[in-house]
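The structure appears right after this line, and notes come after that.
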Amino acid sequence: MPKTSIVPCHTYDAAAVRAALIEALTPLGGLDFICPGMRIGIKMNLVTRKNYHAAVTTHPVALAELARLIQERGGQAIIGDSPGGPFSAAFLRSLYGPAGLSIAEKAGAQLNYDTRIEKADFPSGKILKTITYTGWLADCDAVITCAKFKTHAMLGMTGAVKNQFGIVPGLMKPEFHALYPKVSDFCNMLIDLNEFIKPQLAIIDGIDGMEGNGPSAGTVRHIGCLIASDSVYHADVVMADLMGLRPADMPLIHAAHLRGLAPETTDELSLFGSADAFRMEDFKNLPCGNVQFGGREDSALMQIIRSLLTRRPSVDAHACIGCGLCARNCPAGAIQMKGIPKFHLRKCIRCFCCQELCPKEAISVKAARLNHIGR
Ligand code: SF4
Ligand code: SF4
């Protein structure tokens with residue numbers, strides 16, 4: 001039975017974060033699996049170019065203190081991710097600065113600039129029989145996924161499991177959305193990535209998280225905790241509970257449950273620490289519908305029904321600067337730039353990549369049109 005822990009931590013003061021990490025990891029066996037000379041990959045969340053105070057990326061002090069603990073065991077910590085956009089050293093460098101990673105570098109962590117892409121057969125995958133992934137992870141002896149506590153427009157939440165989407169090289173991510181437009185397929189694809197990388201530990205930075213228009217344009221919400229687990233799925237069950245949600249309602253947890261990887265309630269967890277003090281009944285969630293999104297192969301009628309039943313992206317014309325990043329990254333070709341983006345909702349697969357990548361936070365998620373009928 002995987003072990004999971006939740007501990008309070010109300011500040012990014014380095015000493016407090018270090019103490020909280022030790023407290024969270026101790027019931028899981030600490031970092032005893034690390035032997036001198038091992039390379040430990042810390043898979044952070046570096047979704048897009050944002051200052052770390054915005055609670056979009058894993059906080060650099062959490063990464064720095066984890067790196068110190070790894071080094072005290074004789075290991076070498078390497079921090080990396082492949083955010084949306086090109087997987088190039090120059091692009092990574094441009095994001096590392098705002099993410100505050102010099103703090104982790106000063107603590108002795110290496111920042112990844114290796115942009116090799118590797119491929120591996122994965123016959124046991126449910127969706128992915130071959131995994132194409134960022135090569136820096138191939139050189140790591142173990143991976144610790146260090147996620148951020150945030151809402152997510154497509155999946156409701158982005159925690160430990162979704163964090164492994166970052167092992168897919170950046171420019172391939174829109175392609176994956178296009179290939180797997182159905183929520184269940186997309187979730188199983190993410191689970192395959194997790195089963196391939198098999199993070200040794202999952203840590204969720206929930207000191208400051210994000211509510212509302214997540215994962216990159218929401219509002220900072222102080223939560224005051226760290227979650228740790230030796231199962232990415234179990235870590236997410238705790239996080240969903242803290243968000244005031246039924247874990248079973250979250251598509252990723254449900255898909256993991258169907259594969260025997262996650263319980264649907266916190267009662268079935270081996271949990272050290274109490275979640276009660278951190279549960280937020282007023283947390284501003286982005287509820288994800290149960291509609292199974294279709295793809296471009298859907299009939300015209302299905303596309304119309306889907307566009308009426310599902311939430312949709314919407315642009316704030318005043319905030320938009322017309323950069324076209326959303327259109328260039330739309331996997332369905334559903335955005336036409338006419339000064340600002342125009343959404344072709346019958347083509348749109350509701351992946352919300354446009355909302356996630358917009359540098360001006362100009363795109364938000366609007367309720368389904370049918371929700372307004374009768375109001
Ligand atoms: S990415 Fe944002 S700012 Fe750029 S065109 Fe799209 S909506 Fe406008
Ligand atoms: S318009 Fe936005 S939500 Fe729709 S498919 Fe394109 S990127 Fe995804």
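Summary of values
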{"read-out": "ASP185 being among the charged types (D, E, K, R) and closer than 20 Å to CYS353 by Cα", "value": "yes"}
{"read-out": "All positions within region 24-36 that are of a type outside the set (A, V, I, L, M) and more than 24 Å from the chain's Cα centre (by Cα)", "value": "THR26, PRO27, GLY29, ASP32, PHE33, CYS35, PRO36"}
{"read-out": "Qualifying positions in region 256-285 - part of a helix (DSSP H, G or I) and surrounded by fewer than 24 Cβ atoms within 10 Å (Cβ to Cβ)", "value": "HIS257, LEU258, THR266, ASP267, GLU268, ASP276, ALA277, PHE278"}
{"read-out": "So LYS150, is it crowded, with 23+ Cβ neighbours inside 10 Å and among the charged types (D, E, K, R)", "value": "yes"}
{"read-out": "Members of region 328-343 found to be within 8 Å of ligand 2 (Cβ to nearest atom) and either not in a loop (DSSP other than H, G, I, E, B) or not assigned by TED's automatic domain parsing to the domain that holds CYS354 (or both), listed by number", "value": "ASN329, ILE335, PRO341, PHE343"}
{"read-out": "Segments classed as helices (runs of 4 or more DSSP H), wholly inside region 138-245, with at least 1 members that are away from ligand 1 (no atom under 16 Å from the Cβ) and touching a strand residue (DSSP E or B) at 6+ places or on another chain (Cβ under 6 Å)", "value": "183-197, 232-242"}
{"read-out": "Hits in region 97-121 (condition: surrounded by 17 or more Cβ atoms within 10 Å (Cβ to Cβ) and over 21 Å from GLN71 (Cα atoms))", "value": "PRO98, ALA99, THR115"}
{"read-out": "Top-ranked residue of region 85-96 - restricted to ones that are of a type in the set (Ser, Thr, Tyr) and surrounded by fewer than 18 Cβ atoms within 10 Å (Cβ to Cβ), ranked as farthest from TYR52 (Cα to Cα)", "value": "SER88"}
{"read-out": "Only listed residue being assigned to a loop (DSSP other than H, G, I, E, B) and β-branched (Val, Ile, Thr), chosen from THR48, THR4", "value": "THR48"}
{"read-out": "Where GLY80 falls short, out of the listed (1) farther than 23 Å from VAL232 by Cβ; (2) in contact (Cβ under 8 Å) with a residue 40 or more places away in the chain", "value": "(1)"}
{"read-out": "Any hit, region 144-165, residues being under 23 Å from LEU69 (Cβ atoms) and either free of Cβ contacts under 8 Å to residues at least 24 places away in the same chain or outside the structural domain of LEU66 (by TED's automatic domain parsing) (or both)", "value": "no"}
{"read-out": "Condition met for ASN45 (surrounded by fewer than 22 Cβ atoms within 10 Å (Cβ to Cβ), closer than 28 Å to GLU361 by Cα, at pLDDT 95 or above and within 19 Å of the chain's Cα centre (by Cα))", "value": "no"}
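The values are calculated or read from the model by the stated rules, or taken from the named source; none is laboratory data. Here the structure is a predicted model, which is why all the values come from computation and not from measurement. Here Cβ is always computed from backbone atoms with ideal geometry, including for glycine, and neighbour counts include all displayed protein chains.
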